[in-house]
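Trainee: This is the structure I want to talk about, given as structure tokens.
The values are calculated or read from the model by the stated rules, or taken from the named source; none is laboratory data. As the structure is a prediction and not an experimental result, all values here were calculated from the model. Glycine also receives a Cβ, built like all others from the backbone with ideal geometry; neighbour counts cover every protein chain displayed. Just the protein is used for accessible areas: all its heavy atoms, side chains included, with ligands, DNA and RNA removed. Shrake-Rupley method; radii C 1.70, N 1.55, O 1.52, S 1.80 Å.
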Amino acid sequence: MYPVKRSSERLDLRELASNDVDAVLDIYGNAEATEHLSFDPRTRDQVEQIVARSVTAATATPRTEYALAVVERETAELIGFGRLAIDPHQQRGATMGFALRPASWGVGYGLETVKLLLDVGFDGLGLHRVWGARSPLNTASARTMEAAGMVEEGTIREHVLKAGKWRDSVVHAILDREWHAAR
């Protein structure tokens, strides 16, 4: 599926473009924005590589990664990054992740982003299960995934090595029938 385009009340979800590097760096290079993510803040070079890989992966056949820009419709600014990655270990399954710039937190954009990603997964790709993992300390992400209908399934112990320390991850997932029943 290319190109991906989805819209909610206030947001657009679209393919990343090579000129999105600065906006992605505002998120991935920001210590506050990456505090609960699985990696430390990225450098400009790293973000350039991520965006370039994402642009290339968008037209791969078969496509296994959907790295997408979250754009605030009113300002046309890229305020976030969402990702669906087909899980090679699970039939019709994918992992999901998202990050927003801190200035966009607390106004419901996270929930709109997750719902747009789930729409891509279930209605666009015909997936059966989508799951995401979060830091145990990221209660805002827990509330967001739960509000989108995702169910907390459990903890992956010492799943992420960040800043020299192992961290657990809490898994949330949703099935296609749950997604469709809630709509």
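Trainee: What does a probe at Gln46 reach in the range 102-146, counting residues whose amide N is under 18 Å from the point 7 Å along Cα→Cβ?
Mentor: Inside the label zone: 102, 135.
Trainee: Per residue, what accessible area does the range 71-182 have, given a 1.4 Å probe and all protein chains present, in Å²?
Mentor: Normalised by residue count, the accessible surface of the range 71-182 is 50 Å².
Trainee: Using C-alpha positions alone, give me the convex hull volume of the range 69-112 per residue in cubic angstrom.
Mentor: 83 Å³
Trainee: Quote the accessible area belonging to Trp105 in square angstrom, nearest 10, computed with a 1.4 Å probe and with ligands, DNA and RNA left uncounted.
Mentor: Number for this one is 110 Å².
Trainee: Please list Met150, Met1 from largest to smallest accessible area, probe radius 1.4 Å, with all protein chains kept in place. Kindly include the intermediate steps, with their values, before the conclusion.
Mentor: Details: Met150 5, Met1 80 Å².
Output order, biggest surface exposure first: Met1, Met150.
Trainee: Ignoring ligands, DNA and RNA, please state the percent of accessible area on the chain from carbon and sulfur, probe 1.4 Å.
Mentor: Answer for the chain is 49 percent, counting heavy atoms of protein chains only.
Trainee: Quick one: grab Rg to one decimal and Dmax as a whole number for the chain, Cα atoms only, in Å.
Mentor: 15.4, 43
Trainee: Quickly rank 6-17, 118-129 as a protection proxy: mean count of other C-beta atoms within 10 Å, highest first.
Mentor: 118-129, 6-17
Trainee: Ok, one more. Over the residues of the range 53-94, compute the C-alpha Rg and express it relative to 2.2 N^0.38 Å.
Mentor: Here the Cα radius of gyration is 1.40 times the empirical estimate.
Trainee: GNM, the chain, Cα, under 10 Å: largest mean-square fluctuation among Ala133, Ala94, Ala31?
Mentor: Highest fluctuation of the listed residues: Ala31.
Trainee: For the range 102-151, would you read off the P(r) tail past 15 Å as a percentage of all alpha carbon pairs?
Mentor: Counting pairs separated by more than 15 Å, the tail of P(r) holds 47 percent.
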